[in-house]
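Just so it is clear, none of the values below were taken in a lab; they were calculated from the coordinates. Since this is a predicted model, take the numbers as computed values, not measurements. Reconstructed Cβ throughout: ideal geometry from the backbone, glycine too, with neighbour counts over all protein chains shown.
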Amino acid sequence: MKIMVTVKRVIDYAVKIRVKPDKTGVVTQNVKMSMNPFCEIALEEALRIRESGLASEVVAVSMGPSQCVDTLRTGLAMGADRGIHVEANDSMYPLFVAKILKKLVEIEKPGLLILGKQAIDDDCNQTGQMVAGLLNWPQGTFASKVVLDKEKQVATVDREVDDGIETLCLNLPAVITTDLRLNQPRYATLPNIMKAKSKPIKKFTPKELNVDIKPDLEIVEVTEPPKRKSGVLVSSVDELIEKLKHEANVI
Amino acid sequence: MFKLSSLLFKSKSKSKNALTIIRTFNNLQPCNASTHANSRVPISRNFCTAPERDSIEYDVVIVGAGPAGLSAAIRLKQLCRENDTDLSVCVLEKGSEVGAHILSGNVFEPRALDELLPQWKQQEAPISTPVSSDKFWFLTKNRAISLPSPFDNKGNYVISLSQLVRWMGAKAEELGVEIYPGFAASEILYDSDNKVIGIGTNDMGISKDGSKKETFQRGVEVKGQITLLSEGCRGSLSEQIMKKYNLREKGGAEHQTYALGIKEVWEIDEEKHQPGAVLHTLGWPLDHKTYGGSFLYHMKDRQISLGLVVALNYQNPFMNPYEEFQKFKHHPAIKPFLEGGTVIQYGARTLNEGGFQSVPYPVFPGGAIVGCSAGFLNVPKIKGTHTAMKSGMLAAEAAFGVFNEGLDMNTYWDALRNSWIWEELYKSRNYRPAFKYGLIPGLALSGLEHYILKGRHPITLKHGKPDHEATNAAELHSPIHYPKPDGVFSFDVPTSLHRYKVAWLNF
């Protein structure tokens, strides 16, 4: 069985983000970029499934500008067998990523599609769910545990939901999106990084896949959240009610 | 001889390092462990081996992807091309990316870069802000007295060194150099003749108590016929090598002396920003016995880099260089630049001030030391990038001679002494040592050297005491009261450290 994993190139989680002076977005020039942490977890899970003998191949997919190849190389260094780069210079919104993934799934025919639950730059948390809908595959999102049964061709997924853990049994092929507690991703070792250079990366463009990625969303403005104001001591209950009524407008 | 499967025992004592790493034995031996000072109970083990490491081989291994290391790598590949041959070159860098650990003022003299990559402008090197003005102030608590600038920065540029290094890394990779960021060289490998044969990278995935996490990965051995150490000021492996092979004695060198540079990058108001403006100050907040000064350079995009450099042979143990820097920003001539601005980044790094007198013999069996790890910074010019790069180039040429013509690395030492590095360092050798007599005598002697003598005399002043011996007893000084940070211009250490953690490449 083949497993397909998506990996997104995002601003490193440790970087302090700043809004561009023209408010069209955040500053990305000269900023450290890394693989999305949830995608690392997704890739790690795929590698573990392959290492346990339940899968034969792990294919990493990334979409975006040419630098995405760096992210794919990191994925290959962690242990993925092949990479696919869909080159696009515009912003990749979840619906387009899902549509492109659908086409790639039709080409590659994986038994399992694992994604990170969301990307840390846009926090959309939509792609996994959308691609499952487009493919009409079952989905197990926010996975904190995944157990595959090859004979029965099912995946048992523990999901982290607001009121606890929900366990679902999904028929394969299925879509799984990973949450933080699923696993601890491995380090890419120096020998693996060197080996990764010779692993193949196939290139596609959205046009070749017949997907129109013209955005139907327009970002109007990006601003910093308002600075947190310091607290105020009130001298009486009446003053508190006054403030809640007229300043905070909550009653 | 038989190999044993690796077994690891956790120490039963609650000492800090629960895991003890034991040497590989080829035959069954009970090993009495306790290789670390903390362990009080010698625990006997059976059948212990450290897991074996993978080994990778190159012709040349370079430790540190900074200006010196990358210049060496690029020069090696250029020589290969010119001579229709090839050498495998590997650069290891402990930072998460090339440029991540680079921190410098920086007013850049392109002399070495012009030699290395003469087409740098066409190749879009991030060098675009020529020095537009050069000011020098003597500060008192409330005033700034303008003095004639001792520097000649015509033809120089205000740059972000980490951006330049990042660009150089890309150029090196284009030439076929393999660069691996995220891997620190943590130990030196020797053969049975005590010759350096390469380095070992650090183990990864070790938790705070020394035990292995589930993501544990053993380091690897990266072996090279020649190993070049370009770790920057006070590089850990370089210091070990200098000690082991007595390189200071061999070179007739004095001890190295150091300064601490503390720097911030600010984004300031458009009207206050003058790209290419260079300012240096002496005097306040440092006292007469402390050597040091500040810098304020205007880069592009409304950004300025400013900082304080304090020589580490200061006498007053209560003096806190970090706090002096925070104080400095409140000076009435400095504060206006920062009003309305935002601080973007913070960092600090040591630099060498030993100059000519402290350059060790830079060649050891199996390799050589380049850049600030040896110490080629020109103190009165306050520039070390160009000499570091040139030293990398010279080491590369020597190394190429080893492979191509069977010469030995000692030609690097000869090349250094015949180069403009030596000329510069020799000419500027007395400026810094003169300050051991105090600020005013130091300035007077500097004036004498700069305008009249220009180093053309046989006297070479020696350094004062080594930095660590220069600190006086606390009873001889009174505590200094540092004002509380106001959170706008000055900040406390945790805030600054948090800023440092951010991997911005604006240094």
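Observations on the model:
- Other protein chain Cβ atoms within 10 Å, averaged over every residue that makes up A:20-32: 2
- Label sites at A:Leu180 and A:Glu51, each approximated as a point 7 angstrom past Cα along Cα to Cβ, lie 2.3 nm apart.
- Distance-filtered residues of the range B:347-361 - backbone nitrogen under 17 Å, label point 7 angstrom along B:Thr460 Cα→Cβ: B:353-361
- Ranked A:Met4, A:Met92, criterion: other C-beta atoms within 10 Å, fewest first: A:Met92, A:Met4
- Test item: A:7-16 mean partner chain Cβ contacts at 10 Å: 2
- Once the Cα-Cα distance is subtracted from the 0.36 nm per residue extended length, the B:Gln315 to B:Lys484 segment shows a gain of 58.5 nm.
- Part-to-part distance (alpha-carbon centres) for the range A:16-59 and the range B:389-450, which is given in Å: 46 Å
- Net charge of neighbours whose Cβ lies under 15 Å from the Cβ of B:Val131, counting Lys and Arg as +1 and Asp and Glu as -1: +3
- Other protein chain C-beta atoms within 10 Å of residue C-beta, averaged over A:188-201: 3.
- Highest to lowest packing among B:406-415, B:259-268, scored as the average C-beta count within 10 Å: B:259-268, B:406-415
- Ranking A:Gly75, B:Tyr431, A:Ala132 by Cα position along the charge dipole of the protein assembly as shown, where only Lys, Arg, Asp and Glu carry charges on their C-beta atoms, puts B:Tyr431 farthest toward the positive end.
- In summary, the lysines within cross-link reach of A:Lys150, defined as a Cα separation below 26 angstrom excluding same-chain residues under 8 places away, comprise A:Lys2, A:Lys102, A:Lys103, A:Lys109, A:Lys117.
- Nearest-20 debye value, the range A:2-226 charge dipole, Cβ charges on Lys, Arg, Asp, Glu: 920 debye
- Magnitude of the charge dipole, the range B:257-375, Cβ model with Lys/Arg +1 and Asp/Glu -1, debye to 20: 220 debye
- Backbone N under 12 Å from the A:Glu221 label point (7 Å along Cα→Cβ), restricted to the range A:9-23: A:23
- Dimensions in Å of the range A:2-226 - Rg and Dmax from alpha carbons: 17.2, 57
- 17 Å Cα-Cα reach of A:Lys195 towards aspartates and glutamates, excluding residues that sit fewer than 8 places from it in its own chain: A:Glu57, A:Asp70, A:Asp81, B:Asp54, B:Glu57, B:Glu173, B:Glu178, B:Glu221
- Long hydrophobic helices in chain B: the complete DSSP H runs spanning 27 Å or more by Cα along their own axis with mean Kyte-Doolittle hydropathy of at least -1.0 are B:385-405.
- Acute angle (nearest 10 degrees) that the helix A:94-108 long axis makes with the longest principal axis of chain A, alpha-carbon atoms: 10 degrees
- Beta bridges assigned by DSSP with both partners in chain B are antiparallel in approximately 65 percent of cases.
- Angle between chain A longest axis and helix A:68-78 axis [Cα atoms, degrees, rounded to 10]: 70 degrees
- Net length available on complete extension from A:Arg228 to A:Val19 is 73.5 nm, with 0.36 nm assigned per residue and the Cα-Cα distance removed.
- Entry note, chain A: relative contact order of 23 percent, from Cα contacts under 8 Å with a spacing of 6+ residues.
- Cβ-based charge dipole, chain B, positive-most Cα from B:Ser149, B:Leu237, B:Ala72: B:Leu237
- Taken along the Cα-to-beta-carbon direction at a fixed 7 Å, the label points for A:Tyr187 and A:Asn125 span 3.3 nm.
- Positive contributions from Lys and Arg (+1) and negative ones from Asp and Glu (-1), summed over other residues with Cβ under 13 Å from the Cβ of A:Val222, come out at -3.
- Peptides B:314-322, B:242-250, B:345-353 ordered by average Cβ neighbours within 10 Å, highest first: B:345-353, B:314-322, B:242-250
- For the cross-link pairs A:Lys23/B:Lys272; A:Lys16/B:Lys212; B:Lys171/B:Lys263; B:Lys243/B:Lys383, the ones whose C-alpha atoms lie over 24 Å apart are A:Lys16/B:Lys212; B:Lys171/B:Lys263; B:Lys243/B:Lys383.
- Rel. contact order, % - alpha carbon contacts under 8 angstrom, at least six apart, chain B: 18 percent
- Using the alpha-carbon positions of the protein assembly as shown, Rg (one decimal) and Dmax (whole number) come out as 29.4, 92 Å.
- A simple count of charges around B:Tyr451, restricted to other residues whose Cβ falls under 14 Å of its Cβ and scoring Lys, Arg +1 and Asp, Glu -1, yields +1.
- Extension gain (nm, one decimal) between A:Leu240 and A:Ser66, 0.36 nm per residue minus Cα-Cα: 57.0 nm
- Which of B:Leu476, B:Phe491, B:Val278, positive extreme of dipole for chain B (C-beta unit charges): B:Leu476
- Packing-based ranking of A:144-156, B:89-101, A:237-249 yields B:89-101, A:144-156, A:237-249, ordered from highest to lowest mean Cβ neighbour count within 10 Å.
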